[in-house]
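For reference, the structure discussed in these notes is given below.
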Amino acid sequence: MDFDLNEEQLAIKEAASDFAQTVLLPKVIERDIQCEFPKELVAQMAEMGFMGMMVPQEYGGGGMDTLSYVIALEEIAKVDASAAVIMSVNNSLVCWGLEKYGTKSQKEKYLKPLASGKCLGAFALSEPEAGSDATSQSTTAVEKEDHYLINGTKNWITNGYSADIYLVIAQTNKKKEHHGISVFIVERGWAGFEVGKKEDKMGIRASDTCSLMFTDMKVPKENRIGEEGFGFKFAMETLNGGRIGIAAQALGIAAGAMELSVKYAKERKTFGKPISEHQAIQFKLADMDTEIEAARLLCYKAALKKDKNESYVRLSAIAKLYSSKVAMKTTNEAVQIHGGYGYVREYHVERMMRDAKITEIYEGTSEIQKIVISRKLLS
Ligand code: CAA
Ligand code: FAD
């Protein structure tokens, strides 16, 4: 496997890094404090082609590979993990499945505006009683003449407050268990669709997370993706790719925290010399660098496997499990290196530590990644 980036990938890295440093960085602390969704900035990310990176150009996307997507996400997440998750959900949880399994007319109507960034997408699988145990869906979709009637509640939906288009997973036949679950494209504003209040979160506070309530909401049959009963497989396959995105987000948070720590360690003096000259600090930085490099290689390998159309279920779970652990450990150490200054907002690392935690929870907790990995190993 060739881990050297080609010219196009290097250009993407540079463009994403410039954007993060010049556009995202200036008000990132304020957006975190105020839980302010970065609407204008998402529009700018769309202009840069970051909202539908892997979608073919004929559908308004960038036609790029997964590795390019990972590279861009790392750079964005180094500065703003909220912007990274908004981007990741639109790219890998919404555009990917629509592109792979949508009909031509679904792609024309929904994928084009999503990939070009005219619309924002959300992916609604989790429910109040169905997170890790994703097969126990309570939301129902009952077939009527030319439509389905959807009833139920989805929880914790990223982009839920701001999205235009939602992929909603629901039970169409409870007796068939997970083979009776289907997936539908739903538009914001339809009768019977209510968006809940924004959750007040520990981290990724500038991304929005909310519940969605459906009461006898009519969805035309042509908005079902794939056959009836395909919804759970659709969700699992989507998450296999999504987990590469979250692994890249975690990698970016860790790499961002390390960069700040290196800079700070050279500037801050104690006992007459920069703290970077104390071996205890040097060793912390060496551990960070080692673990971040390993996480990056795992993210790249998972992405390359996906691009080669080889199975990436195990590697995407490994990349997410490991990168999220590295993000937690690195950000914790970054706060330690910053001492008291690390505990206040101005120095960014406290936000990064709060942001890192979610990467161990969403798109499958670390325990769920271990289930996925061990099942593959033992099968
Ligand atoms: N890829 C493809 N198919 C998969 C799969 C995978 N990774 N994992 C399971 N499946 C398939 C199985 O093959 C099986 O299909 P068949 O019956 O047709 O063979 C079916 O799904 C059921 O599988 P299991 O019997 O293994 O189901 P289970 O209930 O024991 O466990 C699970 C499945 C892996 C734990 C699954 O429920 C899971 O992944 N849970 C975590 C849910 C999750 O990640 N949610 C994320 C929500 S989105 C989000 O979080 C976004 C965000 O924050 C930004
Ligand atoms: P639970 O499933 O109740 O788990 C509780 C604890 O038990 C965890 O530690 C878990 O690992 C452990 N556990 C559960 N089962 C097992 C087991 N079999 N073995 C060992 N340990 C186990 N969902 C969406 O559908 N779309 C989104 O866009 C989305 N965005 C999110 C954004 C945020 C900020 C948050 C917090 C969540 C989001 N989620 C989203 C939901 C997320 O995917 C779930 O929170 C996650 O899958 C865990 O589910 P749960 O919260 O119900 O925890």
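Every read-out reported here was derived from the displayed coordinates using simple, explicitly stated rules and does not represent laboratory data. Treat the numbers as computed from the prediction; the structure is a model and nothing was measured. Glycine gets a Cβ as well: all are built from the backbone with ideal geometry, and neighbour counts include every protein chain shown.
The table below gives the values:
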{"read-out": "In segment 122-231, lysine pairs closer than 23 Å at Cα, eight or more apart or cross-chain", "value": "21"}
{"read-out": "Segment 125-149-segment 66-106 distance, computed between alpha-carbon centres (Å)", "value": "24 Å"}
{"read-out": "Computed magnitude of the charge dipole of segment 102-228 (debye, nearest 20; Cβ of K, R +1, Cβ of D, E -1)", "value": "340 debye"}
{"read-out": "Rough spin-label spacing in nm, given labels placed 7 Å along Cα→Cβ, for E187 and S138", "value": "3.0 nm"}
{"read-out": "Table column - 3J(HN,Hα) (Hz), segment 40-52, Karplus curve with 6.51, -1.76, 1.60, x for Gly and Pro", "value": "5, 6, 5, 4, 5, 5, 5, 4, 7, x, 8, 9, x"}
{"read-out": "Table column - 3J(HN,Hα) (Hz), segment 359-376, Karplus curve with 6.51, -1.76, 1.60, x for Gly and Pro", "value": "5, 8, 10, 7, 6, x, 5, 4, 5, 5, 4, 5, 5, 4, 5, 5, 5, 5"}
{"read-out": "Rounded tilt (10° steps) of 279-307 against the dominant C-alpha axis of the chain", "value": "30 degrees"}
{"read-out": "Per-residue HN-Hα couplings for segment 21-35 [Karplus 6.51, -1.76, 1.60; θ = phi - 60°; Hz; x = Gly/Pro]", "value": "6, 8, 9, 7, 4, x, 10, 5, 5, 4, 4, 5, 4, 8, 6"}
{"read-out": "For segment 122-231, the Rg and Dmax computed from alpha carbons only, in angstrom", "value": "13.4, 45"}
{"read-out": "Residue exposure sequence - C210, C299, C35 - by fewest surrounding Cβ within 10 Å", "value": "C35, C210, C299"}
{"read-out": "In Å, descending, principal axis extents of the Cα set of segment 237-378", "value": "55, 24, 23"}
{"read-out": "Amide H partners (placed H, <5 Å) of G52, local residues excluded", "value": "G62"}
{"read-out": "Most mobile listed residue (S311, S162, S82) in the chain, GNM with C-alpha springs under 10 Å", "value": "S311"}
